[in-house]
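For reference, the structure discussed in these notes is given below.
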Amino acid sequence: MLFYSFFKSLVGKDVIVELKNDLCISGTLHSVDQYLNIKLTDISVTDPEKYPHMLSVKNCFIRGSVVRYVQLPADEIDTQILQDASRKESTTNSNTRLYKVKECIID
């Protein structure tokens, strides 16, 4: 849920989404769901000669499983907060796993 919360905080910001088929779409992040599906508005394609059929598209829905990268605006991201949150989630998950392992050993 860390990345879901993170992307929810970026709604309204301009991002570039690179798909696994090498298509790069830039646009404004409209919404994101728990599966990291992305809705973009006011989109443009970085290589219109290669993807001319995308020129007429203004809004799109991108399934989370086809996303390779999401490029974010550097001035909008506080990397320290993101690192702290990921460390916190990592320790929470490892403590939960450790508890489950101990529980299995005791039984």
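The values are calculated or read from the model by the stated rules, or taken from the named source; none is laboratory data. As the structure is a computational prediction, the values presented were derived from the model and not from experiment. All Cβ positions, glycine included, derive from the backbone under ideal geometry; neighbour counts span all protein chains shown.
Residue by residue, here is whether (1) under 12 Å from the mean Cα position of the chain (by Cα); (2) in the same structural domain as Thr92 (by TED's automatic domain parsing); (3) at pLDDT 95 or above; (4) surrounded by fewer than 15 Cβ atoms within 10 Å (Cβ to Cβ) holds:
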position: Gly27; (1), (2), (3), (4): no, no, yes, no
position: Leu36; (1), (2), (3), (4): yes, no, no, no
position: Thr41; (1), (2), (3), (4): no, no, yes, yes
position: Thr46; (1), (2), (3), (4): no, no, no, yes
position: Tyr51; (1), (2), (3), (4): no, no, no, no
position: Leu55; (1), (2), (3), (4): no, no, no, yes
position: Asn59; (1), (2), (3), (4): no, no, yes, yes
position: Ile62; (1), (2), (3), (4): yes, no, yes, no
position: Val67; (1), (2), (3), (4): yes, no, yes, no
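Looking at segment 69-77, can you tell me whether even one residue there is modelled with pLDDT of 80 or more and touching a Leu at 6+ places or on another chain (Cβ under 8 Å)?
yes
Provide a single number: the residues in segment 45-71 that are touching a Phe, Trp or Tyr at 6+ places or on another chain (Cβ under 9 Å) and among the hydrophobic types (A, V, I, L, M, F, W, C). Quick ask: steps written out before the conclusion?
Just the residues of segment 45-71 that are touching a Phe, Trp or Tyr at 6+ places or on another chain (Cβ under 9 Å), to begin with: 45, 63-65, 70.
Those still in the list that are among the hydrophobic types (A, V, I, L, M, F, W, C) too: 45, 70.
Selection size over segment 45-71: 2.
Kindly indicate whether any position in segment 82-94 is closer than 17 Å to Ile16 by Cβ, surrounded by fewer than 13 Cβ atoms within 10 Å (Cβ to Cβ) and at pLDDT below 95. Write out each step before concluding.
Of the residues in segment 82-94, the ones closer than 17 Å to Ile16 by Cβ are none.
Among the residues of segment 82-94, not one is closer than 17 Å to Ile16 by Cβ, surrounded by fewer than 13 Cβ atoms within 10 Å (Cβ to Cβ) and at pLDDT below 95, which makes the answer no.
Results for (1) within 26 Å of Ser90 (Cβ to Cβ); (2) in a strand (DSSP E or B); (3) touching a residue at least 60 places away in the same chain (Cβ under 8 Å); (4) among the basic types (Lys, Arg), shown as yes or no for each residue.
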residue: Ile16; (1), (2), (3), (4): no, yes, no, no
residue: Val57; (1), (2), (3), (4): no, no, no, no
residue: Arg68; (1), (2), (3), (4): yes, yes, no, yes
residue: Asp75; (1), (2), (3), (4): no, no, no, no
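Restricting attention to segment 7-14, does a residue exist that is assigned to a strand (DSSP E or B) and closer than 30 Å to Glu89 by Cβ? Let's see the steps before the verdict.
Let us first name the residues in segment 7-14 that are assigned to a strand (DSSP E or B), namely 14.
Pick out the ones that are also closer than 30 Å to Glu89 by Cβ and you get 14.
Yes: one or more hits.
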